[in-house]
1. Quick one: E72 ticks every box in (1) open to solvent by 10 Å² or more (accessible area, probe 1.4 Å); (2) at pLDDT 95 or above except a single one, so which number is it?
2. Answer yes or no as to whether D216 is open to solvent by 50 Å² or more (accessible area, probe 1.4 Å) and under 18 Å from the mean Cα position of the chain (by Cα).
3. Identify the residue in segment 219-250 that is of a type in the set (G, A, S) and in a helix (DSSP H, G or I) and, among all such residues, is surrounded by the most Cβ atoms within 10 Å (Cβ to Cβ).
4. Find all pairs meeting these conditions: Cβ atoms under 7 angstrom apart; at least six residues apart or on different chains; first residue within segment 70-88 and in contact (Cβ under 8 Å) with a residue 60 or more places away in the chain; second residue part of a loop (DSSP other than H, G, I, E, B) and among the aromatic types (F, W, Y).
5. Could you check, for segment 78-89, whether at least one of its residues is β-branched (V, I, T), surrounded by fewer than 23 Cβ atoms within 10 Å (Cβ to Cβ) and over 22 Å from I150 (Cα atoms)?
6. Pairs please, first residue from segment 229-249 and at positive phi and touching a residue at least 12 places away in the same chain (Cβ under 8 Å), second anywhere and assigned to a helix (DSSP H, G or I) and not hydrophobic (A, V, I, L, M, F, W, C), Cβ atoms under 8 Å, 6+ apart in sequence or on different chains.
7. Step by step: first the residues of segment 24-57, then only those that are in contact with a Pro (Cβ under 7 Å, 6 or more places away or on another chain) and farther than 21 Å from L262 by Cα, then the one that is most open to solvent (accessible area, probe 1.4 Å). Which residue is that?
8. Determine which single condition G71 fails, assuming it passes every other condition in (1) more than 15 Å from the chain's Cα centre (by Cα); (2) within 26 Å of F261 (Cβ to Cβ); (3) not β-branched (V, I, T).
Amino acid sequence: MTDLLTDHPVHHLQTGPVMTAYRSIGSGEPLLMITAMGGTMSGWDRRLISRLTLEYRVIIYDIRGTGYSSGENAEVSIQAMATDASLLLKGLGISPCHIFGYSLGSMIGLQLAVSHPDLVCSLVLCCASRSGISVYNRITSWFSPENPGIIPYHARFPPEFLNEHPDLSDVFPPPSHPVNIPAILRQLDAIGAWEFSDKALAGIRKPVLLLTGEEDCITPVEDAETIASHLNDVISIRVPGGGHGMMYQVPDRIAALMLDFLSQKENRYLAR
């Protein structure tokens, strides 16, 4: 049985102290996808990726210390992970690039846009927040003593969706790696230590699409509104019924919103 992601070979590129593993799928303008906390390349929703690769060269990768990437003992911070992303893009000769960040990936995307603006063409931020400590507190409030590091499904999806998908076997792709709790907790600490100022947000001169689930309890609508209020060029969209896991709930909807935004911004960028 074929798999859109795992059928493509894993490549490696040295990014500072880390050997970063990545896959490149499709052709066209480059689009770097930055995953959520604890995620790996195999975790992306296939329906979302399949839509995007029809028009873009989609690059997915494993964050340091996860999946096929090295860095188990390397520093884990938002700044360090943004540096990894920048070195990956430079190593691939891609500049500028569209960036999609999901949850933790949205924080890395924001940091990348400030630290390496020349590498960023546009930003799509899904389930985003600029307050790391707020996200840290919300996430840890869902942990149980038996499962530290695991966000339960009822925190990621609204009740209606869980009633329709009681075991979620038809939602999540099969993992290529076991859940890496130590890596998750290191990433969570990095989230808690990160804060993005009003000044930093105002300094971003790239077009931004903010996608927020109306029922997201990890990065709620208020977080997106705060980000949007300080950006220069932003479209902010609320997804009805969307939880923090809305990539798996409505991947076709997210893909359609992304493709519409990216095509407009790409054309505007190329016309300059």
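The values are calculated or read from the model by the stated rules, or taken from the named source; none is laboratory data. Quick caveat, the model's predicted, so the values are computed rather than measured. Every residue, glycine among them, receives a Cβ derived from its backbone with ideal geometry; neighbour counts consider all protein chains shown. Only protein heavy atoms, including side chains, enter the accessible area calculation; ligands, DNA and RNA are left aside. Shrake-Rupley method; radii C 1.70, N 1.55, O 1.52, S 1.80 Å.
1. So E72 meets the others, but not (2).
2. no
3. So the residue we want is A224.
4. I78/W194
5. Within segment 78-89 (the criterion being β-branched (V, I, T), surrounded by fewer than 23 Cβ atoms within 10 Å (Cβ to Cβ) and over 22 Å from I150 (Cα atoms)), the answer is yes, since at least one residue qualifies.
6. Final answer for the pair search is G241/E160; G241/Q249.
7. G43
8. With respect to (1) more than 15 Å from the chain's Cα centre (by Cα); (2) within 26 Å of F261 (Cβ to Cβ); (3) not β-branched (V, I, T), G71 is out only on (2).
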